[in-house]
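Since the structure comes first, as structure tokens, the remarks are kept for the end.
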Amino acid sequence: MSLQLDIRPIRAFSGGSEITEQAVAAYVAKYATKAAESTGTLDRRIVELADLDRNGVPDHARHLIKACKALDPLYPERRLWAWAHMLGFRGHFSSKSRRYSTTLTTLRQVRADFRAAQEREALGLDDIEPDTVLVLADWQYAGHGHTPGESALAASIARDIQLNRQTAREALHDQLAQEGATP
């Protein structure tokens, strides 16, 4: 087995033959999604081994899923059978460990802070402290409830609805009485 390495610097917004961070992201995304779909597993939990036959799961994935079922009683805390549709792996393909690296939450926060700084700079507000609350609009009291005319109209509509319901009930009562039924 030969080992192949391609070591080149990654540069943001590079204009030459060097690999850009966008190219690396595209490469990782391509193979991350390719690996997920090429295993031939299911996109939902497996209830019984017969699900493998019904869904035509390939032999390699079938063996790994059966191994998850066999090992589940030995390692109950890992819940291998519950996650057999993902070959026993119950995380995101790019999960981070607090002890080893960083978390996705931390990465999202760093990205949000960076975008907020970019937005402040674009708006010419880069000298404002990040924790400052900036009010870009104001609220004014516009009143409450209906105007006197709207109140009269709403009351009239409510009376009409009540009258229509009473009329319908009386008509139903009369119809049942004519048919000899007891209302």
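Name the residue, out of Leu74, Leu64, that is of a type outside the set (Ser, Thr, Tyr), at pLDDT 85 or above and outside any helix (DSSP H, G or I).
Leu74
In segment 129-183, the residue that is modelled with the lowest pLDDT out of those that are β-branched (Val, Ile, Thr) and under 30 Å from Glu119 (Cα atoms) is Val135.
When Leu107, Leu80 are checked against the criterion of being in a helix (DSSP H, G or I) and surrounded by 13 or more Cβ atoms within 10 Å (Cβ to Cβ), a single residue qualifies: Leu107. Scanning segment 131-155 for residues that are of a type in the set (Gly, Ala, Ser) and either touching a strand residue (DSSP E or B) at 6+ places or on another chain (Cβ under 6 Å) or surrounded by 10 or more Cβ atoms within 10 Å (Cβ to Cβ) (or both) turns up Ser151, Ala152, Ala154, Ala155.
The values are calculated or read from the model by the stated rules, or taken from the named source; none is laboratory data. The structure presented is a predicted model; accordingly, all values stated were derived computationally and were not measured. Methodologically, a virtual Cβ is constructed for each residue, glycine included, from the backbone with ideal geometry; neighbour enumeration extends over all protein chains shown.
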